[in-house]
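The next block holds one structure in the form of structure tokens; read it before the comments.
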Amino acid sequence: MFTDVLSVSQPHRPLVLVHGLWDTPKLFGRLVKLLEQHQVPLLIPHLPHRLGVVPLSSLAKTLDALIVEQWGSEMVVDVLGFSMGGVISRVWLQHFGGARRTHRFLSVGSPQQGTLTAQWIPNWLFAGLADMKRGSPLLRKLNSEVAALHGLDCTSFFCRWDLMVFPGWQAVLPVGKQQQVPVITHQQLMTNPRALELMVSTLLGD
């Protein structure tokens with residue numbers, strides 16, 4: 001399992017970056033370069049999802065182990081999850097105690113209310129993808145236990161015309177701020193300079 005770590009002795013909170021489906025830690029290359037200028041400690045784990053076969057709860061459990069391995073069980077962190085990674089991060093926050101040690105959570109182009117693009121995927125074949133269906137048992141459970149997120153600084157970034165997380169304007173958490181990003185495609189949320197500027201500004205805010 002590949003984990004990319006940047007460690008520095010600076011006062012910034014550590015940041016966990018969680019990739020999505022068909023992605024690797026390389027997805028965050030441009031964002032990392034911007035954050036390096038501010039010397040933010042980073043953990044960018046690779047979470048093997050086997051093309052969506054692995055349930056998101058299993059991936060969140062792996063994420064929990066990697067965070068504890070890197071920073072122990074008490075250090076306060078920020079979390080940014082892209083696409084499926086935003087739901088994995090949310091499972092970690094709500095079901096693995098991550099909320100109690102997290103200050104800021106950025107959900108970026110993430111199907112927090114489900115996506116119609118996953119609606120016809122069979123549960124028995126691709127459990128992880130099926131977790132992202134609109135009305136899936138996992139998302140219903142997360143939305144029924146949303147109180148765990150109330151103490152966090154949450155922001156949802158979304159692309160209105162997103163075809164991967166559809167409808168794009170519903171790719172938002174049920175709590176916190178919402179920020180429409182002026183891009184056209186799903187992937188541009190993590191590559192467009194304006195989008196990255198918005199995220200860095202949010203991450204570095206007090």
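Read the figures in this text as sums done on the coordinates, not as results from a lab. Computed from a predicted model, the values in this text were never measured in an experiment. Here Cβ is always computed from backbone atoms with ideal geometry, including for glycine, and neighbour counts include all displayed protein chains.
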Inset, instruction - For the chain, with a Gaussian network of springs between Cα atoms less than 10 Å apart, report the residue from Val32, Val68, Val108 with the top mean-square fluctuation. - result: Val68
Legend entry - Gaussian network model of the chain, Cα within-10 Å springs - most flexible of Ala148, Ala130, Ala99: Ala148
Legend entry - Formal net charge of residues neighbouring Gln94 (Cβ-Cβ distance under 11 Å; K, R +1; D, E -1): +2
Inset, instruction - Could you work out the relative contact order of the chain, using alpha carbon pairs under 8 angstrom and six or more residues apart, expressed as a whole percent? - result: 19 percent
Inset, instruction - Over the Cα atoms of the chain, compute the convex hull volume and normalise it per residue, giving Å³. - result: 101 Å³
Legend entry - Residue-span extension gain [Asp206 to Gln37] - 0.36 nm each, minus C-alpha spacing: 59.1 nm
Legend entry - DSSP bridge orientation in the chain - percent antiparallel, rounded to nearest 5: 15 percent
Legend entry - Residues Trp22 and Val175, FRET efficiency given R0 of 25 Å [Cβ-Cβ distance, rounded to 0.05]: 0.35
Inset, instruction - Please work out how much length the chain gains when fully extended from Glu69 to Arg30, using 0.36 nm per residue of separation minus the C-alpha to C-alpha distance, in nm with one decimal. - result: 11.5 nm
Legend entry - Label point at Phe96 placed 7 Å out along Cα→Cβ; residues across region 57-72 whose backbone nitrogen lies under 12 Å: 57-70
